[in-house]
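First up is the structure itself, then whatever we jot down about it.
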Amino acid sequence: QVQLVESGGGLVQPGGSLRLSCAASGNIFSHYHMGWYRQAPGKQRELVAAIPSGGSANYADSVKGRFTISRNIAKNTVYLQMNSLKPDDTAVYYCNVVANTWSSWGQGTQVTVSS
């Protein structure tokens, strides 16, 4: 099992961009399921974007066309590029990696979209 550390969150104005990174402490492989989730105050954690094992990226309807998930296997890092941010995107963002026998979550990074 690997440990995950997210970074890149912060305060941004509506319409702005942020790039989140999720660094793994060990090797992550292309057949692992990798995803970004978010949880806003008073709401359940929801899937934002994912790269499933052997599949192509998929996105929540609310972020399609604005967010892009990617990974760099050589750097053991997963990214979430977020453009055209809206106040409704405000949440704690979590990275998740799922292998055959384990699942790991990061500690989360706060994203606040406000003018």
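The values are calculated or read from the model by the stated rules, or taken from the named source; none is laboratory data. Quantities reported herein were computed from a predicted structural model and do not represent experimental measurements. When we count neighbours, we look across all protein chains shown, and the Cβ atoms used for this are built from the backbone with ideal geometry, even at glycine. Note: accessible area is taken over every heavy atom of the protein model, side chains too, but ligands, DNA and RNA are not part of it. Shrake-Rupley method; radii C 1.70, N 1.55, O 1.52, S 1.80 Å.
Listing for the model above:
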item: Vicinal HN-Hα couplings computed from phi for region 65-76 (Karplus, 6.51 cos²θ - 1.76 cosθ + 1.60; Hz; Gly/Pro x); result: x, 10, 10, 9, 9, 8, 8, 10, 4, 4, 9, 6
item: The chain - accessible surface per residue (Å², probe 1.4 Å); result: 52
item: Portion, in percent, of the accessible area of region 51-115 that falls on carbon or sulfur, probe 1.4 Å; result: 46
item: Cα-projected label distance for residue 66 with residue 43, points at 7 Å along beta-carbon direction, nm; result: 1.0
item: Given charges at beta-carbon only (K, R positive; D, E negative), |dipole| of the chain in Debye; result: 100
item: Pair-distance profile P(r), taking every C-alpha pair of the chain, with 5 angstrom steps and integer %; result: 2, 13, 24, 26, 19, 10, 5, 1, 0
item: The chain: most fluctuating residue of 41, 52, 14 per GNM, C-alpha cutoff 10 Å; result: 41
